[in-house]
Amino acid sequence: MSKPEHHSLKFTPDWRATTLVIILLPILVLLGFWQLERATEKSQLQALYQQRQQGGVLAIEQLFDRTDVDYQPVKMRGRYLNDKAILLDNRIFHGRFGYEIITPFQLSSNAYIVMINRGWLAADSARRSLPAIQAVSGEVELSGEVYVPQGEMMKLGVEAVKPWPRVVQSIDITELAADFDLPIYPYTVRLAEHYPGSYQANWQLVNLQPSKHIGYAVQWFAMSFTLVLIALLANTNIWAWLKAKKLIRKK
């Protein structure tokens, strides 16, 4: 009469599986938490935007001594300095090449010049010519939102020496100060639609919704779990042990 089999849980190291876990698991977990952080940031950004919208429109003069101005709706009165337009390069909208048009706007109070982002304008992808920018004459009233760049400030660099209109990759308000007699408001204002000089509004509050980031985080954590499971199966006899304990049905 044969003796009954005694199955105990055993650890049999597999260096390949262990090495794979040591290398990949921390990366996958970090990527998952990074996506969760991005989801939180996007949620906070959306909440701030809603708060600003509900707070109403302020005259831009009320913001001169404030730093918490992200997405603040503003209104202003003055005139465009049409001869000093800036074209932000490589702005793709719905698959088409174009520029974001930024025109200096001198306030009626003569306190500041505000850089107005008038929106996106289609252009020649071969770069043989620049698009014709509509000049807006006389004093006008505008409304828009203050845009504070996330992270590092955009740079204008050596392109500041170019004549007007200026095609640049990015803009640094500080670098532009030498071109004007009045101080420049430190942030651009994105012009609302249907105001004088407006083009196509092509900007987005967030490029990915928080739910997308959470979905990506779940995927990274699922991959982490799968990696641990593979390592467990490779380094132990857990599958046979579970079968012996009748926790897994034999086919």
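Every read-out reported here was derived from the displayed coordinates using simple, explicitly stated rules and does not represent laboratory data. If you're wondering where the values come from, they're calculated on a predicted model, not measured in any experiment. Cβ sites come from the backbone with ideal geometry, for glycine too, and all protein chains shown count toward neighbours.
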| field | Residues Ile184, Ile116, Ile22 arranged by fewest to most Cβ contacts within 10 Å | value | Ile22, Ile184, Ile116
| note | Long-range amide H partners of Gln72, meaning residues 5 or more apart or on another chain whose placed amide H is closer than 5 Å, are Val146
| task | Calculate, axis by axis, the spread of Cα positions in the range 72-191 along the three principal axes, and write the results as whole Å, longest axis first. | result | 41, 28, 28
| field | Extension gain from Leu130 to Asp181, taking 0.36 nm per residue of separation minus the Cα-Cα distance | value | 15.7 nm
| task | State the extension gain, in nm to one decimal, for the chain segment bounded by Ser8 and Glu139, taking 0.36 nm per residue of separation less the distance between their alpha-carbons. | result | 38.5 nm
